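Undergrad: Starting off with a structure, shown below.
The values are calculated or read from the model by the stated rules, or taken from the named source; none is laboratory data. Bear in mind that the values here come from a model prediction, so they are computed numbers and not experimental data. For neighbour counting, all protein chains shown are included, and Cβ atoms are generated from backbone atoms with ideal geometry for every residue, glycine included.
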Amino acid sequence: MGAPKNPRKKSPEKELKNPNMVRKGSQNYFSKLMSTPEGRALRKQWSTKPKKNAGRPRGTPDGYTAEMIKPIRKQAKADAERIVAIMVKENDIDDEYAVEALKTAVEIMREPAQNRDRLTAARMVLDFTKTKPAAKSEVTIGKAEAFLESLLDSDEEEEQDGQET
């Protein structure tokens, strides 16, 4: 399986408020704790206790903490409101659910997230706002028909010219 091609982003290290100040002559609290059987049992109990909020919160992308992503999301939401208001005016969208879906999609596009999610949101916005181009085969058929009509017209003109002379 191996390592991933692009390792996931990590948030920068936080500066500790009260760094553990262990001096040369003193012993660490946990070192003292492990010297007695009661302390070892207590330490084992702490280690096996399930953690309440381990890791970053759900929905927070790699490389960001919850505090770092809040202002980015707030700005993305404000941008989305403004952008969607313009889209609604230009495209005459009157369905409130469609407007809400557009806001959400634009927010996702403006936030740092996985590329797959952002591309899906972009595709949805394009489906709402832009018409899809006609299929290439239809255009080719139309051009072929126009070409045949022009040949018929030119042939008819030659026949008429031949009859007049």
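Let's see how each residue does on (1) at pLDDT 80 or above; (2) surrounded by fewer than 10 Cβ atoms within 10 Å (Cβ to Cβ):
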{"position": "2", "(1), (2)": "no, yes"}
{"position": "6", "(1), (2)": "yes, yes"}
{"position": "9", "(1), (2)": "yes, no"}
{"position": "12", "(1), (2)": "yes, yes"}
{"position": "21", "(1), (2)": "no, yes"}
{"position": "26", "(1), (2)": "no, no"}
{"position": "34", "(1), (2)": "yes, no"}
{"position": "37", "(1), (2)": "yes, yes"}
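Undergrad: Report yes if some residue within the stretch 114-135 is surrounded by 10 or more Cβ atoms within 10 Å (Cβ to Cβ), touching a Pro at 6+ places or on another chain (Cβ under 8 Å), in a loop (DSSP other than H, G, I, E, B) and not aromatic (Phe, Trp, Tyr); otherwise report no. Lay out the reasoning, then the answer.
TA: First, the residues of the stretch 114-135 that are surrounded by 10 or more Cβ atoms within 10 Å (Cβ to Cβ): 114, 117-129.
From the residues that got through so far, the ones that are touching a Pro at 6+ places or on another chain (Cβ under 8 Å) too are 114.
This time we only want the ones that are in a loop (DSSP other than H, G, I, E, B), so: 114.
Then keep just the ones that are not aromatic (Phe, Trp, Tyr); that gives 114.
Yes, the conditions are met somewhere in the stretch 114-135.
Undergrad: Scan the stretch 52-75 for residues that are among the hydroxyl-bearing types (Ser, Thr, Tyr) and either farther than 15 Å from residue 14 by Cα or part of a helix (DSSP H, G or I) (or both) and jot them down.
TA: Step one: list which residues in the stretch 52-75 are among the hydroxyl-bearing types (Ser, Thr, Tyr), which gives 60, 64-65.
The answer is 60, and nothing else.
Undergrad: Looking at 105, 80, 98 in this structure, which one is under 30 Å from residue 7 (Cβ atoms), touching a helix residue (DSSP H, G or I) at 6+ places or on another chain (Cβ under 8 Å) and assigned to a helix (DSSP H, G or I)? So that I can check it myself, show each step before the final result.
TA: Details: 80 fails: under 30 Å from residue 7 (Cβ atoms); 98 fails: under 30 Å from residue 7 (Cβ atoms).
Within the list 105, 80, 98, the selection yields 105.
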